[in-house]
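A.B. asks: One structure, as structure tokens, below. Some questions next.
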Amino acid sequence: MKARIVTANRLSDGAVVYLDAAGDWVDSIVEAGVAEDGETAEALLAVATTAEQALRVVGPYLTDVAVEDGRPRPLGTREIIRAAGPTVAGAAIREGDERDDAKEASAA
Amino acid sequence: MYRYDEYDSTLVAERARQFRGQVARRLSGELTEEQFRPLRLMNGLYLQLHAYMLRIAIPYGTLSSRQLRKLAEIARRYDKGYGHFTTRQNLQFNWPRLADVPAILDELATVQMHAIQTSGNCIRNVTADQFAGAAADEVEDPRVYSEIIRQWSTLHPEFSFLPRKFKIAVTGAESDRAAVQVHDIGLRLRRNGDGEVGFEVLVGGGLGRTPVIGKTIREFLPKPHLLSYLEAILRTYNMLGRRDNLFKARIKILVNATGVDKFRDLVEEEWSHIRDGALTLPEAEIARIRAHFAPPPYEELTGDPPEHAAARRRDPDFALWARTNVVAHKRPGYAIATISLKPTGGVPGDVTAEQMEAVAALADRYSFGEIRVTHEQNLVLAHVRQADLHALWQALRQQGLATGNAGLISDIICCPGLDYCNLANARSIPVAQRISQRFADLERQHDIGALKIKISGCINACGHHHVGHIGILGVDKHGEEFYQVTLGGSADDSAAIGKIVGPAFSAGDIVAAVETIVETYLAQRRAGETFNATLARVGLAPFKEKLYAAD
């Protein structure tokens, strides 16, 4: 079984977030809590789907990752783009946006 | 343009206030996401890949400069400084925060705008020809009727829970620029034998998973019957449309399953009960709405003033831009200018706040303060004096808005795709950008001539790929992005659904494939032959041969 993490969209701004080992939501996939087996994965998802969590995130789900140097890496085009932000080199996206910088750093 | 009366203003303000309450209850937990989701969709608020997306209605694509300035302000204050114009003449913001959306709706309400019915199973934005009220070939301004239909369909109590979304387009010219044949209902204004103006009514057109060309169920519908007849169609659909399968719920499926003649009979039967009743449109009411679309205070000018011809002679870049981006106006001395939102390598349809403000100022200066959004994701200034075109073009150049590619190969229609959209299977924007860059040379583009490329990131076809001369559909093949190509589509009077040319191309190969298709066309075409005409004459074989030769 592939390693898995839990991801969702943050309620407040729809941003992509990941559940870390402590049960907090983080912006960067490298900090996500990794489940190596089915039981851990289900437990992780259970933490994410409480009513309390519904005040923080929308639609949490499990997704496969590759693990390199102990850090999770997204698999599949969709999750890669979720982790990195839009890939388009458009002049329209304002430079210096904090969140975009953080995403670029985590994808590197 | 149409101005809200007290009723309209109250409705929009109330709706914004209502949504503010709904957001508060979602954030506090009083509403679950399941309860909140349909409510936020009723205000055009989607949750996409990276963020919420707010789709703002731009009725029949017409904006005042004041409204465009407000959109720029919202882009700066609440979003990332840009917006995206869509294939239904609406605007999307890609990064609003949930808690800010009520404030955004309040701001929109101050300029008579909203996000009502831009999502959900209801009647959506009623679109129209972007040259409405200005085109030389116009029978009547279609926006008058788009507005009438908008009022009838807004919060219509019977049609708020249709089997699926419902899209209506109206065209008023001999040449259809509103793609009426691929809408759930398409309306064409035309004259009958007695010179009376009425509507040809088409139903069951659409794109998406099952593209269909609409069918005429009524050749001529007199104006007073417009709303009662539409009501009969919607009632028939509401009653009989499928609700068991999301992918079979549009009216096109119903018309196909029932057969167009039987469907017509059903509509006429329903109509027999309600025609000549409360929904009858008196001429006085049409006149009242028409007054909002009165022609601007044109000057008395001579056509083709010498300064315009002189500017074209003097400035070859301007002349080239004018060739594609300027079309004839019905008034002498005026012209219709298209502002391309497809700069080389740019994101099709995206505009920065600064550009929006510049266009608003140019609209005030050169076009009576009015801007149009086209379903091909460009903007139009519809009433520019020919003598002002050169100055307009120079000002547009300052803002990167003077790409002279309207209708050429780099004037690509493209959905947001997997870079933004939750529904997508593949990215679409980078493909558009790379094609645009490959064909950047304007001389080459002119040599190729009119060629519409349309790109969708999934089968929902928001990029209208089925009706592109070259259509590109992003698909997921074993977790990788591939692109299926169709040829011969068209959204104009000779509407057609494109045919698949063969196996899909990888992301690495798609641009070369497009180039091969173009080269094949150029090799095969006879003098003056359009892409579709050449394709009709020679068939797919020469294209397949060149594309898959190495296989």
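No value in this document is a laboratory result; all are computed from the given coordinates. Given the structure is predicted, the values throughout are model-derived calculations rather than measurements. Please note: Cβ atoms are built from the backbone with ideal geometry, for glycine as well, and neighbour counts cover all protein chains shown.
A.B. asks: What does the charge add up to near A:Thr49, with Lys and Arg as +1, Asp and Glu as -1, over the other residues with Cβ less than 13 Å from its Cβ?
C.D. replies: Here the charged neighbours net out to -3.
A.B. asks: Then there's this: Where the centre of each part is set by its Cα atoms, how far does segment B:471-496 sit from segment B:224-257, in angstrom?
C.D. replies: Between the Cα centre of segment B:471-496 and that of segment B:224-257, the gap is 27 Å.
A.B. asks: Now a separate question. Kindly put B:Val180, B:Val327, B:Val126, A:Val47 in sequence by how many other C-beta atoms sit within 10 Å of each C-beta, fewest to most. Mind dumping the intermediate values first?
C.D. replies: On the way: B:Val180 28, B:Val327 19, B:Val126 31, A:Val47 15.
So the ranking, lowest neighbour count to highest, is A:Val47, B:Val327, B:Val180, B:Val126.
A.B. asks: Another one. Specify the inter-centroid distance of segment B:393-460 and segment B:1-63, based on alpha-carbon positions, in whole Å.
C.D. replies: 30
A.B. asks: Using the alpha carbons of chain B, what is the convex hull volume per residue in cubic angstrom, as a whole number?
C.D. replies: Value for chain B: 160 Å³ per residue.
A.B. asks: Just rank B:Val144, B:Val538, B:Val12, fewest to most, by other beta-carbon atoms within 10 angstrom.
C.D. replies: B:Val538, B:Val12, B:Val144
A.B. asks: Treating only the Cβ of Lys, Arg, Asp and Glu as charged (+1, +1, -1, -1), what charge dipole size does segment B:306-398 show about its Cα centre? Round to the nearest 20 debye.
C.D. replies: Here segment B:306-398 has a charge dipole of around 440 debye.
A.B. asks: Going by a ≥ b ≥ c, the root eigenvalues of the Cα gyration tensor, does segment B:229-345 fall in the rounded group (a/c under 1.5), the prolate group (a/b larger than b/c) or the oblate group?
C.D. replies: oblate
A.B. asks: For the charge dipole of the protein assembly as shown, defined by +1 on Lys and Arg C-beta atoms and -1 on Asp and Glu C-beta atoms about the Cα centroid, which residue among B:Ile453, B:Val359, B:Ala402 has the Cα displaced farthest towards the positive pole?
C.D. replies: The one lying farthest along the dipole's positive direction is B:Ile453.
A.B. asks: Still on this structure, I have one more. Using a Debye calculation, one point per C-alpha and no hydration shell, please list log10 I(q)/I(0) for segment B:306-398 at q = 0.10, 0.25 Å⁻¹ in order.
C.D. replies: For segment B:306-398 at q = 0.10, 0.25 Å⁻¹, log10 I(q)/I(0) is -0.24, -1.47.
A.B. asks: So how many Å³ per residue does the convex hull of the Cα atoms of the protein assembly as shown work out to?
C.D. replies: Details: hull volume 111.8 nm³, N = 659.
That works out to 170 Å³ per residue.
A.B. asks: So for chain B: antiparallel DSSP bridges make up what percent, rounded to the nearest 5?
C.D. replies: Within chain B, antiparallel bridges account for around 80 percent of the total.
A.B. asks: May I ask what percent, to the nearest 5, of DSSP beta bridges between residues of segment B:413-547 are antiparallel?
C.D. replies: On the way: 13 of 19 bridges.
In segment B:413-547, DSSP labels about 70 percent of beta bridges as antiparallel.
A.B. asks: Choose one of B:Pro224, A:Pro72, B:Ile185: the residue whose Cα lies farthest towards the positive end of the charge dipole of the protein assembly as shown (beta-carbon charges +1 Lys, Arg; -1 Asp, Glu; about the Cα centre).
C.D. replies: Result: B:Pro224.
A.B. asks: Do any cysteines of chain B lack a neighbour Cys whose Cβ is under 4.7 Å away, and which are they?
C.D. replies: B:Cys122, B:Cys414, B:Cys421, B:Cys458
A.B. asks: Any of B:Lys342/B:Lys454; B:Lys499/B:Lys544; B:Lys165/B:Lys248; B:Lys70/B:Lys167 with alpha carbons more than 18 Å apart? Name them for me.
C.D. replies: B:Lys70/B:Lys167
A.B. asks: Say a paramagnetic label sat at a point 7 Å from the Cα of A:Ala46, along Cα to Cβ; which residues of segment B:30-65 have their backbone N under 20 Å from it?
C.D. replies: none
A.B. asks: Want the number for B:Asp315 to B:Arg365: 0.36 nm per residue separation, take away the alpha-carbon distance, what's left?
C.D. replies: 15.8 nm
A.B. asks: Among bridges DSSP assigns within segment B:136-292, what percent are antiparallel (round to 5)?
C.D. replies: Here the antiparallel bridges make up roughly 80 percent for segment B:136-292.
A.B. asks: Beyond 22 Å, what share of the Cα-Cα pairs of segment B:413-547 is found? Please give it as a whole percent.
C.D. replies: Percent of Cα pairs beyond 22 Å in segment B:413-547: 32.
A.B. asks: Would you kindly calculate the translational diffusion coefficient of segment B:501-551, applying Stokes-Einstein with the Kirkwood radius from alpha carbon pairs, for 25 °C and a viscosity of 0.890 mPa s, and quote it in µm² s⁻¹ without decimals?
C.D. replies: It comes out at roughly 215 µm²/s.
A.B. asks: Can you list the equivalent-ellipsoid semi-axes of segment B:332-480, largest first and in whole Å, using the square root of 5 times each Cα gyration tensor eigenvalue?
C.D. replies: Taking √(5λ) for each eigenvalue gives 30, 16, 13 Å, largest first.
A.B. asks: Taking the Kirkwood radius as the inverse of the mean 1/r across Cα pairs, report the Rg/Rh of segment B:136-292. Mind showing how you got there, number by number?
C.D. replies: On the way: Rg = 15.1 Å, Rh = 15.9 Å.
A ratio of 0.95.
A.B. asks: Please report how far the C-alpha centroid of segment A:1-80 lies from that of segment B:268-320, rounded to the nearest whole angstrom.
C.D. replies: Segment A:1-80 and segment B:268-320 have Cα centres separated by 54 Å.
A.B. asks: Does segment B:256-312 come out rounded, prolate or oblate, given a ≥ b ≥ c as the square roots of the eigenvalues of its C-alpha gyration tensor, rounded meaning a/c under 1.5 and, failing that, prolate meaning a/b above b/c?
C.D. replies: Working: a/c = 7.22, a/b = 2.14, b/c = 3.38.
Oblate, because a/c is 1.5 or more while a/b does not exceed b/c.
A.B. asks: Mind listing which GluC sites (Glu not before Pro) in segment B:1-101 are in a DSSP loop and have 15 or fewer other Cβ atoms within 10 Å?
C.D. replies: B:Glu30
A.B. asks: Quick check: from the Cα gyration tensor, does segment B:1-156 come out rounded (a/c under 1.5), prolate or oblate?
C.D. replies: Note, shape of segment B:1-156 comes out prolate.
A.B. asks: Give me the one-decimal nm value for the distance between modelled label points at B:Glu6 and B:Ala391, 7 Å along each residue's Cα-to-Cβ direction.
C.D. replies: Spacing of the two 7 Å Cα→Cβ label points: 4.2 nm.
A.B. asks: Would you work out which of B:Ala99, B:Gly83, B:Ala16 lies farthest towards the positive end of the dipole of chain B, given +1 charges on the beta-carbon of Lys and Arg and -1 on that of Asp and Glu, about the Cα centre?
C.D. replies: Towards the positive end, the residue furthest out is B:Ala99.
A.B. asks: With +1 on each Lys and Arg Cβ and -1 on each Asp and Glu Cβ, how big is the dipole of the protein assembly as shown about its Cα centre, in debye rounded to the nearest 20?
C.D. replies: Around 860 debye, computed over the protein assembly as shown.
A.B. asks: Additional query: Magnitude of the Cβ-charge dipole of chain B, K/R +1 and D/E -1, about the Cα centre, nearest 20 debye?
C.D. replies: Details: 66 positive and 65 negative charges, 197 e Å.
The calculation lands at about 940 debye.
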